[in-house]
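Working notes, structure below.
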Amino acid sequence: MSTLSVDTIQGKTTAGTVAMPVGHVIQTFTTNRTDTFTVSGVAQTEMFSILITPKFASSKILITCNINGSGAQANSLSVGHRYAYAQLFRDSTHITQNTDRSGNRVAVWFSLQDASDGSNHGYGMANSSGMYLDSPNTTSQIDYSVKVGQSSLSNSLLTINRSSVNDNQNYTHYGISSMTVQEIKQ
């Protein structure tokens, strides 16, 4: 058995030019949201933003996101939030568009799951997630952002990282949400 021990790997002619095999992760950035906030009505707000500068134009960028949330109608915390969603943007361009969408239909990256059992939606919190492999074809800095919101019901509440009902009880859950962006060698 052989062992290779090194302190530094450097490119043969220029530092930082070591060629990684296809499929390997070149760089990773992640961010967490541990705060709680509420989106009221038919609205949208930015939840995450990560800047990445790809080292190679041929690289793919893998974006993953996990969101904990709860929803209810403002006047009845027992009615769920069927219309909550997340959208993914590269700079200002919404990149997760379904090509069959038409009319008033809303293009989303993923829908936020409805929490709980039907009669007590506001007391539950559900985890929803998405994964997307992007081909930006650039070595310029990119801003990947996730926006969350609701597409219907002006009296709805979408609460992030806790259940909509915020009683000081052991059924009130608090969570975190996260986003990760990775450059993948091609």
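Structure data summary
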quantity	calculated
Given (1) open to solvent by less than 10 Å² (accessible area, probe 1.4 Å); (2) in contact with a Ser or Thr (Cβ under 8 Å, 6 or more places away or on another chain), index of the condition Asp134 fails	(2)
Odd one out for Phe29 among (1) loosely packed, with under 13 Cβ neighbours inside 10 Å; (2) modelled with pLDDT of 95 or more	(1)
Number of the condition not met by Thr14 [criteria: (1) at pLDDT below 85; (2) surrounded by 14 or more Cβ atoms within 10 Å (Cβ to Cβ); (3) of a type in the set (Val, Ile, Thr)]	(2)
Leading residue by the ranking (nearest to the chain's Cα centre (by Cα)) among those in the range 38-65 that are closer than 26 Å to Asn120 by Cα and open to solvent by 60 Å² or more (accessible area, probe 1.4 Å)	Gln44
Qualifying positions in the range 167-184 - among the β-branched types (Val, Ile, Thr) and either buried (at least 19 other Cβ atoms within 10 Å of the Cβ) or closer than 30 Å to Pro54 by Cβ (or both)	Ile176, Thr180, Val181, Ile184
In the range 149-166, residue most open to solvent (accessible area, probe 1.4 Å) [restricted to those that are under 18 Å from the mean Cα position of the chain (by Cα) and of a type in the set (Ser, Thr, Tyr)]	Ser151
Residues of the range 1-60 classified as in contact with a strand residue (DSSP E or B) (Cβ under 8 Å, 6 or more places away or on another chain), farther than 30 Å from Ser151 by Cβ and of a type in the set (Ser, Thr, Tyr), total	3
Flag for Thr96 being at pLDDT 90 or above, within 30 Å of Gln27 (Cβ to Cβ), in contact with a strand residue (DSSP E or B) (Cβ under 9 Å, 6 or more places away or on another chain) and hydroxyl-bearing (Ser, Thr, Tyr)	yes
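For (1) at pLDDT below 85; (2) within 23 Å of Val39 (Cβ to Cβ), each residue gets a yes or a no:
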{"residue": "His121", "(1), (2)": "yes, yes"}
{"residue": "Gly124", "(1), (2)": "yes, yes"}
{"residue": "Gln141", "(1), (2)": "no, no"}
{"residue": "Ile160", "(1), (2)": "no, yes"}
{"residue": "Val165", "(1), (2)": "yes, yes"}
{"residue": "Ile176", "(1), (2)": "no, yes"}
{"residue": "Glu183", "(1), (2)": "no, no"}
{"residue": "Gln186", "(1), (2)": "no, no"}
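Conditions tested, residue by residue: (1) open to solvent by 80 Å² or more (accessible area, probe 1.4 Å); (2) hydroxyl-bearing (Ser, Thr, Tyr); (3) modelled with pLDDT of 80 or more.
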| position | (1), (2), (3) |
| --- | --- |
| Ala74 | no, no, no |
| Leu77 | no, no, no |
| Tyr83 | no, yes, yes |
| Leu88 | no, no, yes |
| Asp91 | yes, no, yes |
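The values are calculated or read from the model by the stated rules, or taken from the named source; none is laboratory data. Since the structure is predicted, the reported quantities are computational estimates derived from the model, not experimental observations. Glycine gets a Cβ as well: all are built from the backbone with ideal geometry, and neighbour counts include every protein chain shown. The accessibility values were calculated without ligands, DNA or RNA, using every heavy atom of the protein model including side chains. Shrake-Rupley method; radii C 1.70, N 1.55, O 1.52, S 1.80 Å.
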